[in-house]
1. Let me have the relative contact order for the chain, percent, based on Cα pairs under 8 Å that are six or more residues apart.
2. Write down the Kirkwood hydrodynamic radius of the chain, to one decimal in angstroms, obtained as one divided by the mean of 1/r over all alpha carbon pairs.
3. Which listed residue (82, 55, 71) has the Cα farthest towards the positive end of the charge dipole for the range 48-89, taking +1 on Lys and Arg C-beta and -1 on Asp and Glu C-beta about the Cα centre?
4. Among 171, 146, 181, which residue has its Cα positioned farthest towards the positive end of the charge dipole of the range 138-220, with +1 placed on the Cβ of Lys and Arg, -1 on the Cβ of Asp and Glu, and the dipole taken about the Cα centre?
5. Residue separation times 0.36 nm, minus the C-alpha to C-alpha distance between residue 12 and residue 106: what's the value?
6. Distances longer than 20 Å among the Cα atoms of the range 129-218: what percent of all pairs is that?
7. Hey, got the dipole for the range 119-161? About the Cα centre, +1 on K and R Cβ, -1 on D and E Cβ, debye to the nearest 20?
8. What whole number of Å gives the distance from the Cα centroid of the range 1-73 to the Cα centroid of the range 155-220?
Amino acid sequence: MTVINSTGVTKQYQTTVALDRVDLVVEEGETFGFLGPNGAGKSTFINMLLDFVTPTEGSVSIFGHDCQREGVEARSRIGVLPEGYSVFERLTGRQHIEYAIRSKEAEADPIRILDRVGIRDDADRLASEYSKGMAQRLVLGMALVGEPDLLILDEPSTGLDPNGAARMREILREENDRGATIFFSSHILEQVEAVCDRVGILQDGELVAVDTIQGLRNSL
Ligand code: ADP
Ligand code: ADP
């Protein structure tokens with residue numbers, strides 16, 4: 001089954017072409033890396049998947065639902081780790097997970113999730129007291145609520161120390177083993193390689209290559 005399908009997607013801001021006729025298909029069960037330098041258009045594409053940005057041309061769908069016209073149909077099946085996400089200063093870690101559970105109408109044990117991302121001991125501390133790495137673990141925990149069929153991660157390693165990054169990779173592997181499709185954006189090749197089987201390379205809004213990690217290596 002096709003999870004993400006982008007056909008001829010273009011996004012133009014005044015004079016900037018942030019995405020230029022992007023065609024991309026991601027199938028169920030894939031771990032797909034979206035690799036490109038800062039400014040390549042990765043966040044614009046992800047924001048389009050979430051309907052925060054509307055394409056100038058073309059269209060994009062998730063699980064067969066057009067992200068702009070019927071995005072809500074797919075939303076409950078998606079877990080998102082947005083770039084630069086900030087936590088609610090006045091809520092504890094546990095309350096963040098509870099908030100995610102309520103908004104997804106999911107059933108889950110907040111403590112189990114906090115344990116999984118390694119911040120169980122800090123469950124009842126205010127998130128404003130968390131380090132950057134702990135906050136990033138918390139946001140990952142929120143994304144995991146409800147066993148999503150698709151995990152979308154925008155530069156997820158930001159703020160994580162090596163242990164946190166390793167734990168995140170482990171969790172993404174577990175999620176993929178249970179059947180979740182992973183869409184992982186990063187500007188760092190090593191991070192993409194560590195998680196993904198297939199990679200799309202975005203440069204100045206253009207998808208210049210899509211291949212397996214092995215295929216890309218062979219063509220270098
Ligand atoms: P990234 O690290 O993914 O490149 P940015 O820091 O460029 O993200 O962008 C952060 C936010 O600012 C995004 O919501 C993006 O849409 C917006 N943004 C980026 N560039 C511009 C711009 N030139 N004008 C207005 N908004 C922008
Ligand atoms: P990436 O996530 O790969 O760093 P972005 O999607 O944030 O790239 O940005 C792609 C291009 O689009 C950049 O040139 C950025 O400045 C521009 N851009 C992004 N958002 C906006 C916006 N809201 N207004 C104007 N330009 C934007």
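We did not get these values from a lab; they are worked out from the coordinates using the rules stated. No experiment lies behind these values; they were computed from the predicted model shown. Here Cβ is always computed from backbone atoms with ideal geometry, including for glycine, and neighbour counts include all displayed protein chains.
1. Relative CO of the chain lands at 28 percent.
2. Evaluated on the chain, it is 17.7 Å.
3. 71
4. The residue sitting farthest along the positive end of the dipole is 171.
5. So the chain would gain 30.2 nm between residue 12 and residue 106.
6. 38
7. About 100 debye.
8. 17
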